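Undergrad: Structure incoming, see below.
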Amino acid sequence: MQRFSRKDRVQEEIKREVADIIRRDVKDPRVGFVSITDAELSDDLTFVKIFYSTLDDDKLEEIQMGLEKATGYIRSEIGKRIRLRVTPEIVFRYDESLKRGARMMELLNEVKKKETGDGDGKDDNN
């Protein structure tokens, strides 16, 4: 059985709580629908980067502004929900890894189609 460090456990708890707070309590219409994808907590537990994704890619700037405006509220709620000596400072970052992953799958599918489409037995040089 794998044992997780305190940092890992706190990181997961913060990720879960931030997702819940945004879903239930943040009323800013700019935020809309976001998914919390990850949290990176500093070694001293005083700073956390929260990564999010959204389906509204064209409204990223608005969403970021809404999340930044709600940061103080979210941090105070984290302080109430999770017992820590210091409630970490929060920074929100858009998670581009999902978009990169989707693009990678797109490229792989294109390559696969070309391989199967060109594999008709004809030589292109003749």
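Undergrad: Using 7 Å Cα-to-Cβ label points, what is the residue 47/residue 110 separation (nm, one decimal)?
TA: That separation, rounded to one decimal, is 3.8 nm.
Undergrad: Taking Cα atoms, how many degrees apart are the long axis of helix 97-118 and the longest axis of the chain, rounded to 10 and kept between 0 and 90?
TA: The answer is roughly 10 degrees.
Undergrad: So how tilted is helix 6-24 from the main axis of the chain? Cα-based, degrees 0 to 90, rounded to 10.
TA: Approximately 90 degrees, to the nearest 10.
Undergrad: Where the eigenvalues come from the Cα gyration tensor of region 1-43, what are the semi-axes √(5λ) of the equivalent ellipsoid, largest first, in whole Å?
TA: 26, 9, 8
Undergrad: For the chain, what is the convex hull (Cα atoms) projected area averaged across all directions, in square nanometres?
TA: 12.7
Undergrad: Continuing with the same structure: Can you find, among 41, 65, 31, the residue sitting farthest towards the positive end of the charge dipole of region 6-118, where Lys and Arg contribute +1 and Asp and Glu -1 at Cβ?
TA: Comparing the listed Cα positions along the dipole, 41 ranks first.
Undergrad: Related question: Towards the positive end of the charge dipole of the chain, with charges on Cβ (+1 Lys, Arg; -1 Asp, Glu), say which of 105, 52, 116 has the farthest Cα.
TA: Of 105, 52, 116, it is 52.
Read the figures in this text as sums done on the coordinates, not as results from a lab. Quantities reported herein were computed from a predicted structural model and do not represent experimental measurements. Glycine also receives a Cβ, built like all others from the backbone with ideal geometry; neighbour counts cover every protein chain displayed.
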